[in-house]
Amino acid sequence: YVENCIVSTSYLSKMLNRRYPQKNIFVLANKLSKKQVYWAQKALSEKNKTQFENGRIRIGYFPGSNSHDMDFETISDVLLKIMEENNNVVLMIVGPLNISGHFSKVKSQIERHPFVSLKKLSELILYADINIVPLEIDNPFCQSKSGLKFFEAGILKIPTVASSTDSYCQIIENGTNGFLAKNNDDWYNYLTILIKNKELRDKIGARAQLTSLEKHTTQDNHPETEEFVHFIKEKLMSPACKVHRNLQY
């Protein structure tokens, strides 16, 4: 029933436009807020990973809700194989997630943390060496998700391996500021080289931070935001809107 729509990804815009070509659709992508940038910078300045290191490499998974069980399941076999091959690799799960029973083989290599506030999230992400974002590529719901998980970790210099959904393909330049996995072979290869190569993790992480700061915070002006603000201003100044305001007051 609405004439104008706001969506957070170009994939959603494309799907809406296909069904409702007559509507105005604005893409306002998710960004890191000023507070999130501050919390990340504060966490970096106070960084002390000594108690978490001990030669271990942490693969961090940060599900924001309890809807990610199937996403995780898409790479569970790969993760299990990697953990069995590398007993110094720890799977760090922050938030709700049900994992299959065969992970009992590597129970000592799994760390669980409860859901935390955004303010505390930066501190926990910093404990990870690699951030993973598995998604069901053939699922429209997953294709509609934004690239938020990339820049939440990227601003902290943590490299990301993500499923190659539409949003992540727009953000990640494969092998430069992160890695895009299309299948299990990609997941295995990208995770393995990051586990074995700290210099590469640092290099990819630094570029991810640069991408996050330059393109994915609310502190800078963005063309799509300016377009929407201009549209709203025109609507507010329209005769119909003025009449409505006069009737109200």
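The values are calculated or read from the model by the stated rules, or taken from the named source; none is laboratory data. Owing to the predicted nature of the structure, the values given are computational and were not obtained by experimental measurement. Here Cβ is always computed from backbone atoms with ideal geometry, including for glycine, and neighbour counts include all displayed protein chains. Accessible surface is based on the protein model in full, side chains and every heavy atom, while ligands, DNA and RNA are left aside. Shrake-Rupley method; radii C 1.70, N 1.55, O 1.52, S 1.80 Å.
Here are the numbers:
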| quantity | calculated |
| --- | --- |
| Residue that is most open to solvent (accessible area, probe 1.4 Å), among those in the range 160-179 that are part of a helix (DSSP H, G or I) and touching a helix residue (DSSP H, G or I) at 6+ places or on another chain (Cβ under 8 Å) | Gln170 |
| Residue under evaluation Leu210, criteria (1) open to solvent by less than 80 Å² (accessible area, probe 1.4 Å); (2) aliphatic (A, V, I, L, M); (3) in a helix (DSSP H, G or I), criterion not met | (1) |
| Test result for Ser146, polar (S, T, N, Q), open to solvent by less than 40 Å² (accessible area, probe 1.4 Å) and assigned to a helix (DSSP H, G or I) | no |
| Odd one out for Gly154 among (1) surrounded by 14 or more Cβ atoms within 10 Å (Cβ to Cβ); (2) over 17 Å from the mean Cα position of the chain (by Cα); (3) over 15 Å from Phe72 (Cα atoms) | (2) |
| Search result, residues across the range 102-111 that are in contact with a strand residue (DSSP E or B) (Cβ under 8 Å, 6 or more places away or on another chain) and either assigned to a helix (DSSP H, G or I) or closer than 19 Å to Ala162 by Cα (or both) | Phe103, Val106, Gln109 |
| Hits in the range 116-125 - residues which are open to solvent by 10 Å² or more (accessible area, probe 1.4 Å) and either closer than 17 Å to Leu91 by Cβ or of a type in the set (Asp, Glu) (or both) | Glu123, Leu124 |
| Options Ile132, Ile137, Ile99; residue that is assigned to a strand (DSSP E or B), of a type in the set (A, V, I, L, M) and in contact with a Ser or Thr (Cβ under 9 Å, 6 or more places away or on another chain) | Ile132 |
| Test: Leu191 is crowded, with 21+ Cβ neighbours inside 10 Å, modelled with pLDDT under 95 and among the hydrophobic types (A, V, I, L, M, F, W, C) | no |
| Residues of the range 112-129 classified as within 19 Å of Val161 (Cα to Cα) and not in a helix (DSSP H, G or I), total | 4 |
| The range 157-183, subset of a type outside the set (Val, Ile, Thr) and over 13 Å from the mean Cα position of the chain (by Cα), residue farthest from Gln143 (Cα to Cα) | Lys157 |
| Within the range 66-85, tally of residues that are in contact with a Gly (Cβ under 9 Å, 6 or more places away or on another chain) and more than 10 Å from Leu97 (Cβ to Cβ) | 0 |
| Restricting the range 64-88 to residues that are crowded, with 19+ Cβ neighbours inside 10 Å and outside any helix (DSSP H, G or I), the residue that is modelled with the lowest pLDDT | His68 |
